[in-house]
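The values are calculated or read from the model by the stated rules, or taken from the named source; none is laboratory data. If you're wondering where the values come from, they're calculated on a predicted model, not measured in any experiment. Heads up, the Cβs are rebuilt from the backbone with ideal geometry, glycines too, and the neighbour counts pull from every protein chain shown.
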Amino acid sequence: MPCEVWHSLLERCYEAETAYSQAITSSSGLVGVEFDKALQRAEQAREVSLVCEKALLHHEQMHDCIKKSAFAKAS
Ligand SMILES: [Zn+2]
């Protein structure tokens, strides 16, 4: 199994992506300034999710916990 750090990163990615799609959904009924605000929230959530994805990839490369777990399964 990947380590706990990996899991918490994945959870943060998931939360950010959920926040992004919720912000997009809630923006659909809005107009004017409220619409702009909703789009801004969506954009922020999208940025957070991108950062999380990068951190997740970085962790996988540095920590090797995914490969290790795959190896453990194979042997
Ligand atoms: Zn790890």
- Note on the structure: The lone condition residue 66 fails out of (1) touching a residue at least 60 places away in the same chain (Cβ under 8 Å); (2) out of contact with any helix residue (DSSP H, G or I) (no Cβ under 6 Å at 6 or more places or on another chain) is (2)
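With the chain as the region, which helices (runs of 4 or more DSSP H) entirely inside it contain at least 2 residues that are within 12 Å of the ligand (Cβ to nearest atom) and β-branched (Val, Ile, Thr)? Steps first, please.
Working: elements: 4-27, 32-63, 65-74.
Per the criteria, no element qualifies.
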- Message: Looking at region 7-23, I want the residues that are within 10 Å of residue 55 (Cβ to Cβ) and have a partner that is outside any helix (DSSP H, G or I) and basic (Lys, Arg) with Cβ atoms under 7 Å, at least 6 apart or on another chain. Which pairs are those?
- Response: none
- Mind checking which residues of region 42-61 are more than 19 Å from residue 11 (Cβ to Cβ) and modelled with pLDDT under 95? 61
- Item | Lone unmet requirement of (1) at positive phi; (2) touching a residue at least 40 places away in the same chain (Cβ under 8 Å) for residue 32 | (2)
